[in-house]
1. From the list ALA47, ALA13, ALA87, ALA37, pick out the single residue that is buried (at least 18 other Cβ atoms within 10 Å of the Cβ) and modelled with pLDDT under 75.
2. Could you list all residues from region 66-102 that are within 26 Å of the chain's Cα centre (by Cα) and aliphatic (A, V, I, L, M)?
3. Is region 67-83 home to any residue that is in contact with a Leu (Cβ under 8 Å, 6 or more places away or on another chain), of a type outside the set (S, T, N, Q) and either open to solvent by 70 Å² or more (accessible area, probe 1.4 Å) or closer than 30 Å to VAL163 by Cβ (or both)?
4. Just to be sure, is PHE147 modelled with pLDDT under 90 and open to solvent by 90 Å² or more (accessible area, probe 1.4 Å)?
Amino acid sequence: MTDSLHEHGTAGAGALRLRALLGSALEEAGRQAPGAAGRILGELLNAAEALLRQNREQWKLEDVSHDPATGMAQLARTKQMIDRSNAIRTGQINRIDQLAQQLQRDRTSSGESPSLHLSETVGELTDRICILLLKEEYAADHEARDFAGRKSRHLARSLELTVTAMVRGRAALPPRGIMKFYGPAEELPT
């Protein structure tokens, strides 16, 4: 169970936790990457922070939609805002995946086949980490906060291993596609 975002913490604290969690994972992966990978990893971290902010905004909208005092007209407007928020969020996930794609080593020249076939894209994994950080920040009880914290740390390590395998040319990520369309703000994957 979670409490309302209106009653807790600051957005800055979440961004600092995200930067600490993902920063070390991406830094380690960057040690394995040639050339411009450091710049790309920095952009990826900035994109992850934008995704966390969007998830926070969406959480606030969900709070409004779940409030019994919300009238029908406000609920309809909030639902439209949630759809727009999801479109922006999906675009941000796609941006992370576009950046991550630049890290994949070209295997066509080496003839190597990837040894790892992963089930999530870097953007999808980052989105899950962002959501867990919000759950950890706003959970109403200690047990839920602890679980969300352990899970987010585990997924950050998974992200590190994923990006490291990508830059080594050992990972094949799933195709990124849009399963649900939220509107024009959404960027389609390239």
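The values are calculated or read from the model by the stated rules, or taken from the named source; none is laboratory data. Here the structure is a predicted model, which means the values were calculated and not measured. All Cβ positions, glycine included, derive from the backbone under ideal geometry; neighbour counts span all protein chains shown. Side chains included, ligands, DNA and RNA excluded: accessible areas come from the protein's heavy atoms. Shrake-Rupley method; radii C 1.70, N 1.55, O 1.52, S 1.80 Å.
1. ALA37
2. MET81, ILE82, ALA87, ILE88, ILE93, ILE96, LEU99, ALA100
3. Yes, region 67-83 contains at least one residue that is in contact with a Leu (Cβ under 8 Å, 6 or more places away or on another chain), of a type outside the set (S, T, N, Q) and either open to solvent by 70 Å² or more (accessible area, probe 1.4 Å) or closer than 30 Å to VAL163 by Cβ (or both).
4. So PHE147 fails the test.
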